[in-house]
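Take a look at the structure below.
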Amino acid sequence: MPRTRITLAVALALLATPALSACGGSSSASNAKEVTVYSADGLKGENGDGWYDKVFADFTKQTGIKVKYVEGGSGEIVQRAVREKSNPQADVLVTLPPFIQEADNKGLLEKYDPKEADQVSGADKSIDGTWTSVVDNYFGFVYNKKELKQAPKTWDELLDSKYKNKLQYSTPGVAGDGTAVLIKAMHDFGGKEQALAYLKKLQANNVGPSASTGKLAPKVDKGELLVANGDVQMNYAQSKTMPNLGLWFPAGKDGKPTTFALPYAAGLVTKAPHSENGKKLLDFMLAQKQQQEVSEIGGGFASRQDVKATDANAIALTKLMDGVDLFTPDWNDIDKNLTSYVEDWKSATGS
């Protein structure tokens, strides 16, 4: 997504990330048995039990190619790739809309259609073949089931004083799910100005910025927070080890809960140091076996239309989404105007 400032915490996190060797696309690098993935958080398990953990281990076992993994907020990893554009360090970039569109517009992604990408809906991949969804997902919120007898139903409920310093959402422009808060509010309240007026009021209860959405759910589970934003795949997977975590969707003006798709979209990095290995990994992630495991292991939704999961997680996820209205954001508008939207959000909230 068009970029905003990276917080000090994010900057320090980037500095703390082990440096990757500057491969520069040499023949020796091209032949190396490794591939580097920059990804938004959510698909790697807290205890090594996530979809990425299984996919990467199986990929290495099958190909002998070791996966190097770098995780961050959706906007954060795009920013990092931008800084490295003259000397790319990543081979595969995985992030959420509209950050994947931003990465594409900045020339970070190279055209590559993974094998069997024809099984992915046209809405879940780019027209020019630079990115493809590998895991479908939806925006949502979490609440503490132990402290709250039932989930909140509306945005306005969150203005109640009982949520003061007990509510937090990740930062728009830095985190994909944080940006989704702004997008959903603009939809539900009928426009940007109405959404910003609401978020200005909500600031009285908001703990403050967070570069990572994934760090909020554990706080909700422990009762440090009562409500936070998130996404269905990540939060459902987390709920397996966080018994107090419940998922919900704020209602729009008509009283119906709403959400929109936030797929994990993957693309091959332009002039990637291990381009062929990156292609192999993209093919592998979209293969039928790995897609069949998206719900069973990752708690998400398969990107392939021909995969019909029937495992317990898939059934529970279908039930969770029942009765929730889906809308499609105008991603072209958001990609074009996100920087100004985020700046307006900062002004309105004093962030």
Exercise. Determine which single condition residue 151 fails, assuming it passes every other condition in (1) modelled with pLDDT of 95 or more; (2) touching a strand residue (DSSP E or B) at 6+ places or on another chain (Cβ under 7 Å); (3) crowded, with 19+ Cβ neighbours inside 10 Å; (4) of a type outside the set (S, T, N, Q).
Key: (3)
Quiz item: When the residues of region 249-277 are filtered to those that are among the aromatic types (Phe, Trp, Tyr) and crowded, with 20+ Cβ neighbours inside 10 Å, which remaining residue is modelled with the highest pLDDT?
Solution: 249
Exercise. Would you check if there is a residue in region 330-345 being of a type outside the set (Val, Ile, Thr), closer than 26 Å to residue 218 by Cβ and surrounded by 17 or more Cβ atoms within 10 Å (Cβ to Cβ)?
Key: yes
Quiz item: So residue 93 fits all but one of (1) closer than 21 Å to residue 334 by Cα; (2) in a helix (DSSP H, G or I); (3) at pLDDT 95 or above; (4) not β-branched (Val, Ile, Thr); what number is the exception?
Solution: (2)
Quiz prompt | The one condition in (1) surrounded by 19 or more Cβ atoms within 10 Å (Cβ to Cβ); (2) over 20 Å from residue 151 (Cβ atoms) that residue 208 fails to fulfil | solution = (1)
Self-check item: Residues located in region 328-351, provided they are modelled with pLDDT of 95 or more and within 22 Å of residue 231 (Cα to Cα)
Solution: 341, 342, 345
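The values are calculated or read from the model by the stated rules, or taken from the named source; none is laboratory data. Since the model is a prediction, treat every value here as computed from it, not as a measurement. Positions of Cβ are generated from backbone atoms using ideal geometry, with glycine treated the same way; all protein chains shown enter the neighbour counts.
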